1. Which of (1) more than 30 Å from F217 (Cα to Cα); (2) touching a helix residue (DSSP H, G or I) at 6+ places or on another chain (Cβ under 7 Å) is the odd one out, the single condition T101 does not satisfy?
2. I want to confirm something. Restricting to region 484-528 and keeping residues that are aliphatic (A, V, I, L, M) and under 20 Å from T426 (Cβ atoms), which single residue is most open to solvent (accessible area, probe 1.4 Å)?
3. Would you be able to tell me the number of residues in region 122-136 that are over 8 Å from G77 (Cβ atoms) and touching a helix residue (DSSP H, G or I) at 6+ places or on another chain (Cβ under 9 Å)?
4. Out of all the residues in region 179-190, is one or more in a helix (DSSP H, G or I), open to solvent by less than 30 Å² (accessible area, probe 1.4 Å) and under 15 Å from T440 (Cβ atoms)?
5. Within the set of pairs 6+ apart or on separate chains, which have a first residue in region 374-402 that is at positive phi, a second that is of a type outside the set (A, V, I, L, M) and open to solvent by 10 Å² or more (accessible area, probe 1.4 Å), and C-beta atoms under 7 Å apart?
6. Working only within region 133-168, note down all residues that are open to solvent by 40 Å² or more (accessible area, probe 1.4 Å), within 21 Å of V63 (Cα to Cα) and at pLDDT below 95.
7. Take the residues of region 86-104 that are more than 19 Å from V276 (Cα to Cα) and without any contact (Cβ under 8 Å) to a residue 40 or more places away in the chain: which is least open to solvent (accessible area, probe 1.4 Å)?
8. Of the residues N348, N370, N376, only one is surrounded by fewer than 22 Cβ atoms within 10 Å (Cβ to Cβ) and within 20 Å of L98 (Cα to Cα); which?
Amino acid sequence: MNKASSSVNDSDTRSKQQKILSMLGLMTSKVLGENTYAKSSIYSERITRGLRSFLPGPLQPSVSLAEFKMSKPMQMGYLAAAKDLKHVSIDQFNYMSLWATGDDDSSVVNRAAGTQFSEYLSQSQAPEKYVVGYKTAVIQFVRAIAGAGGVVFRINSALQNLDLNQQRTLVNQWFDHVNGYMNGASPFKAINNQTTKPSAIDETIATGVAREISDGFLSNQPVGNDEQSLLGNYAYNEDDFSDEHDLPKMMTDAIGKVSLTEDINLFVNNTLAGMVNSLGSIGLYALVYAKFTQNNPDLVGAPITSAADQATVLAKTKAAVEAIGKYLNLPQSGADLAEKLAVLNLSNAGSARNAKHQNYQLRYSRVLENDRPQVNDRGETVKVAYGIFETTHQILQNVFLTPLMVQYTMSRNQLLTQIASGQYTTSRQVIEPSFQAAGTLFDYVDALARFQVDQLIGLVERGKKDDDGMSAAGSFSAFSHLMRVYPEVKSINPAYAEMTKATKRVYYWLYQSSFKDHLPEDEQIKLN
């Protein structure tokens, strides 16, 4: 009896163990499957968005000239690449940089290589060596643009090394340049004057935007202490094996005369310069037009500090400039920026010569196939993956935002200091500013801060009135109720409920300013 029971118990135990092991197996399989899927999805998303600020790894070594000369398949691959690289797009360069740093996934190679790659690969007697030759040209191309000391490094370094005064000078000159043809017009509206006689204003804008792409601001303007323009006439003078082959003429006739040096020069002086100049110029103008304006009441809450000395304001702003950019909802990538700038679409401008190629808003934001947006397997149009050029986008945005925010913060905080000391308690009847009338861009920003604070001075008056009547809002929620319900303060900003928390704190600080000194410490609203 005991033996039988023991056998039954053992059987039950084994059964339970098998169930547990089976369950663990299923769970492990499920987890591994999900992990594999997740990794695949993450990889796909990384490839799709291309949001990288640096090369994903060191560039792979390319073959030496001696090795190159010993292999005709390598030479053929190199020449095929040199022909393909005449027309490199920003998106394609992203995948070229992935391939050049060791990512040999077929989805990467397909996007990195041009049409000649597969055509001549299918004819090669030594396809592996052909690919090595082709990739050698790609690595040399990527090294010139994104390698140590390359074009991107030079651009980014020049911008990052600017001090505040140099940033102010650059931003002021750049904005004057763009405003010279935009002249207060919206950058978010496309020019469409084909059905009517083009207006002089539209023609001026179309001409100005087109010139940014062909010969823009940074192609002619020195930056900081540099004596030459940042995007001048670049001339590549490093490795180029284009003329080092010994292929028979019959093999090279179809490819024709090619030059990697000319390919790189063309990409830098046209594709890259056109993109940086146009997105930089119109992007700066759009930043001022949309964010540094009375139509953006949340700007008053953007300063990261309430200090009034420039050294502190600058240090705090620089440390938090990306957070400020997010607060202002600035574009997070070059493609996002281009998508917003409808004025870059010149396809319907009266002066458009090749309309289907002159929709630069589309070209800089979406991957195109035969001038139509490419669609992925989810039915979505594919955004341009800027890859390493996102660094330049972010640096430019920071260079623009830093001096503008320092000026705005200094002006706002000086006024808050006057309010706190009781020197500024009633409206000064400040006139709404216009950057068409202001002496400089920074004069405009100063005037904007003064106007925005003056529009809120009624909160100071209401706070004193309520305190005198012993009915002051004793909490943030009570103040918010006051702002939503009472017409006298609701009229100051009817959209109060939609404002950011930072802006609402400034409003409450203004309300408390006349009586905060006799409030308990924990009841006083604090700014940063």
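The values are calculated or read from the model by the stated rules, or taken from the named source; none is laboratory data. Bear in mind that the values here come from a model prediction, so they are computed numbers and not experimental data. When we count neighbours, we look across all protein chains shown, and the Cβ atoms used for this are built from the backbone with ideal geometry, even at glycine. We work out accessible area using only protein heavy atoms, side chains counted, and drop any ligands, DNA or RNA first. Shrake-Rupley method; radii C 1.70, N 1.55, O 1.52, S 1.80 Å.
1. Going through (1) more than 30 Å from F217 (Cα to Cα); (2) touching a helix residue (DSSP H, G or I) at 6+ places or on another chain (Cβ under 7 Å) one by one, T101 breaks only (2).
2. I492
3. Selection size over region 122-136: 5.
4. Yes, that holds for at least one residue.
5. Pairs that qualify, where the first residue is at positive phi and the partner is of a type outside the set (A, V, I, L, M) and open to solvent by 10 Å² or more (accessible area, probe 1.4 Å), are G387/R52.
6. Scanning region 133-168 gives A148, G149.
7. Ranking the qualifying residues of region 86-104, first place goes to W99.
8. N376
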